[in-house]
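*Asks:* Below you will find the structure I want to go over with you.
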Amino acid sequence: MDLSGLLSEHGLGVVVIFVLFAAIAYFGRWFLNVYTYKLHNNFNEVLREINEMKDEIIENNNKLYSITEKLISNQRLIQEDINAIESSLDTLLKYIKADK
């Protein structure tokens, strides 16, 4: 069946419908390509921001861990100083009691 037969038997409406379907398919493909490209770019941007935030969180977590280690170390040193002071106080009290 050629184009003239199609036009004579079914009319111009069928041709218009086929052209319309072709245009819709072309527009759909174009729109899908543009939409997926923009979606891909947005997704990549979000992933980049997530990676930046992850790096900042890890960096801050490492700083916090370091501070915690220093606090624990200082706490141990302070406890040793307190023990030494208590020992010195006990010695001093024994000395004072011995003098009386």
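Nothing in this text is a laboratory measurement; each read-out follows from the coordinates by a stated rule. Computed from a prediction, not measured in an experiment: that's the story for all the values here. Using ideal geometry, Cβ is built from the backbone for each residue, glycine included, and neighbour counts are taken over all protein chains shown.
*Asks:* Would you compute, from DSSP H runs of 4+ residues alone, the mean residue ellipticity of the chain at 222 nm, taking -39500 (n - 2.57) per run and dividing by the full residue count, rounded to the nearest 500? Don't skip to the end; give the middle numbers.
*Replies:* Numbers: 2 runs with 96 residues, N = 100.
Here the helix-only value at 222 nm equals -36000 deg cm²/dmol.
*Asks:* Now for a separate question. In whole Hz, with x marking every Gly and Pro, tabulate ³J(HN,Hα) for region 51-56 from phi via Karplus 6.51 cos²θ - 1.76 cosθ + 1.60, θ = phi - 60°.
*Replies:* Calculated HN-Hα couplings, in order: 5, 5, 5, 4, 5, 5 Hz.
*Asks:* If I model a spin label at N74 and N42 as a point 7 Å from the Cα along the Cα→Cβ vector, what separation in nanometres do I get?
*Replies:* 4.8
*Asks:* To continue, here is another question. Calculate, in nm to one decimal, what L20 and E86 gain on full extension: separation in residues at 0.36 nm each, minus their alpha carbon distance.
*Replies:* Working: separation 66, 0.36 × 66 = 23.76 nm, distance 9.54 nm.
So the chain would gain 14.2 nm between L20 and E86.
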